[in-house]
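**Q** Here it is, the structure, as structure tokens.
The values are calculated or read from the model by the stated rules, or taken from the named source; none is laboratory data. Predicted model only: the values in this text are computed from it and were never measured. Here the Cβ positions follow ideal geometry from the backbone for every residue, glycine too, while neighbour counts run over all protein chains shown. The protein model used for the area step is the full one, side chains on, heavy atoms only, and it has no ligands, DNA or RNA in it. Shrake-Rupley method; radii C 1.70, N 1.55, O 1.52, S 1.80 Å.
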Amino acid sequence: MTEAKIFKALGDPLRLKIVTKLSSGSAYKMGDITGGLGITRQAARKQIGVLVDANIVLLKSEGREVKVMLDTRALDLGKKFISKIELQWDKRLARLKNFIEKNN
């Protein structure tokens, strides 16, 4: 799994709505998670499929139903990537501040 795949999957407003709903920690039936998105069931399954492919969402069969759950490990990977970039910028800004203070 790569950070690019995670961010690409999260780059769609519909998929963000799905992830937001799943962030409650509950497992939802496929119909419950995709209801209210204003798209067809087939389109909703495609959006879920993108999230599954990015390892953001897990599907679990329970009899005739499919449950959808958030897998936070992918989100943690994305968070670590952002934190790494943030740290680099903090260091750069600190160097800039020191430079300005020395030259004033």
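**Q** Checking the conditions here, which among GLY35, GLY78, GLY11 is within 15 Å of the chain's Cα centre (by Cα) and either aromatic (Phe, Trp, Tyr) or modelled with pLDDT under 85 (or both)?
**A** Going through GLY35, GLY78, GLY11 in turn, just one is within 15 Å of the chain's Cα centre (by Cα) and either aromatic (Phe, Trp, Tyr) or modelled with pLDDT under 85 (or both): GLY78.
**Q** For the range 66-76, which residues satisfy the criterion of being open to solvent by 40 Å² or more (accessible area, probe 1.4 Å) and either in contact (Cβ under 8 Å) with a residue 60 or more places away in the chain or touching a Cys at 6+ places or on another chain (Cβ under 9 Å) (or both)?
**A** Passing the criteria: only LEU75.
**Q** For the range 50-65, give me the residue count where each residue is under 19 Å from SER23 (Cβ atoms) and open to solvent by less than 80 Å² (accessible area, probe 1.4 Å).
**A** Counting residues in the range 50-65 that are under 19 Å from SER23 (Cβ atoms) and open to solvent by less than 80 Å² (accessible area, probe 1.4 Å) gives 8.
**Q** Another one. What pairs come out if I take residues in the range 42-65 that are within 15 Å of LEU10 (Cα to Cα) and pair them with residues that are open to solvent by less than 30 Å² (accessible area, probe 1.4 Å) and in a strand (DSSP E or B) whose C-beta lies under 7 Å away, six or more apart or interchain?
**A** What qualifies is ILE48/VAL57; ILE48/VAL68; LEU51/VAL57; VAL57/VAL68.
**Q** As an exercise: evaluate ALA44 against (1) touching a Ser or Thr at 6+ places or on another chain (Cβ under 6 Å); (2) at positive phi and give the number of the one condition it does not meet.
**A** (2)
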